[in-house]
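*Asks:* Input: one structure, supplied below.
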Amino acid sequence: MRKAIRKKIQRLIRDSLTLIEAFENPLHVFWWDDLKLRIKAVSIAYCARRKKDKDQEMKCLRDRLEVAGSGGEVGELKDRLRELQDQKLAGIAVRARCLKDLQDEKHTAYFFDRIRQRRNNNNASSVKNSIGELIKDEEGILEVYRAFYEELYTKHKGGSDGLDWLSTNSSSDSSQLSSKEECEGSGVVTFETDKMKHVLSQMSVNKSPGPDGLPVEFYKIFFED
């Protein structure tokens with residue numbers, strides 16, 4: 001059954017790649033969210049089916065033990081029943097640990113007050129503009145900040161525009177830029193497959209590296225897909 005669910009997810013990923021252009025987002029965020037929802041639905045259905053099969057098997061084992069006599073068969077039935085019960089208890093322990101983690105992560109009123117206090121302490125209540133006037137209203141403070149950074153990034157110490165010195169020291173042939181440099185210039189982050197694979201191989205299992213809940217094992221198994 002595990003091989004079947006693995007093949008099903010692989011097929012789901014391949015089919016989803018054909019629809020990636022339909023999502024109007026340069027970083028494919030919406031496509032990835034949609035794929036995760038599909039994988040989640042398949043995984044939930046698989047887990048529900050396994051639970052149903054195991055419950056049915058446990059029922060059959062109990063029925064057979066009631067009518068079985070003595071001998072090696074009884075021992076085998078008891079061992080299998082004990083194995084299934086241990087698996088069920090392990091699942092209960094995992095779910096209990098997850099629920100505990102969720103409860104521990106809930107902020108109390110105390111922590112909310114600390115966060116609110118820290119935010120208030122980090123906010124500027126007043127600021128002086130370029131001519132020394134003390135500005136206290138929020139819009140005025142934001143305008144002072146905007147003017148400061150606008151002057152900072154548009155003027156060079158030598159008196160010329162801040163980008164003139166960059167353009168004179170850079171190559172005039174823009175065709176020499178690599179695709180990686182172009183992506184960096186446009187604010188798009190590029191990832192190299194070999195480096196991603198190396199980093200993934202160094203990650204510990206039984207952990208979820210992000211808020212989507214997908215464990216490291218998922219990325220290791222389906223990385224090539």
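*Asks:* Can you find a residue in the stretch 100-112 that is at pLDDT 80 or above and surrounded by 10 or more Cβ atoms within 10 Å (Cβ to Cβ)?
*Replies:* No - not one qualifying residue is present in the stretch 100-112.
*Asks:* Restricting to the stretch 47-74, name every residue that is among the small types (Gly, Ala, Ser) and either more than 21 Å from Lys88 (Cα to Cα) or surrounded by 11 or more Cβ atoms within 10 Å (Cβ to Cβ) (or both).
*Replies:* Initial filter on the stretch 47-74 (among the small types (Gly, Ala, Ser)): 48, 68-72.
Scanning the stretch 47-74 gives Ala68, Gly69, Ser70, Gly71, Gly72.
*Asks:* Picking from Leu37, Leu77, Leu12, Leu17, which residue would you name as being out of contact with any Ser or Thr (no Cβ under 9 Å at 6 or more places or on another chain) and over 20 Å from Lys220 (Cα atoms)?
*Replies:* None of the other options fit; the residue is Leu77.
*Asks:* Please find, among Ala147, Ala96, Ala124, the residue that is outside any helix (DSSP H, G or I), surrounded by 10 or more Cβ atoms within 10 Å (Cβ to Cβ) and either at pLDDT 75 or above or more than 37 Å from the chain's Cα centre (by Cα) (or both).
*Replies:* Numbers: Ala147 fails: outside any helix (DSSP H, G or I); Ala96 fails: outside any helix (DSSP H, G or I).
The match here is Ala124.
*Asks:* Report, ordered by the first and then the second residue, all pairs with beta carbons closer than 9 Å, sequence separation of six or more or different chains, a first member in the stretch 44-60 that is in contact (Cβ under 8 Å) with a residue 40 or more places away in the chain, and a second member that is surrounded by 11 or more Cβ atoms within 10 Å (Cβ to Cβ).
*Replies:* Pairs that qualify, where the first residue is in contact (Cβ under 8 Å) with a residue 40 or more places away in the chain and the partner is surrounded by 11 or more Cβ atoms within 10 Å (Cβ to Cβ), are Tyr46/Ile5; Tyr46/Lys8.
The values are calculated or read from the model by the stated rules, or taken from the named source; none is laboratory data. This structure is a prediction, so every number in the text was calculated from the model and none was measured. All Cβ positions, glycine included, derive from the backbone under ideal geometry; neighbour counts span all protein chains shown.
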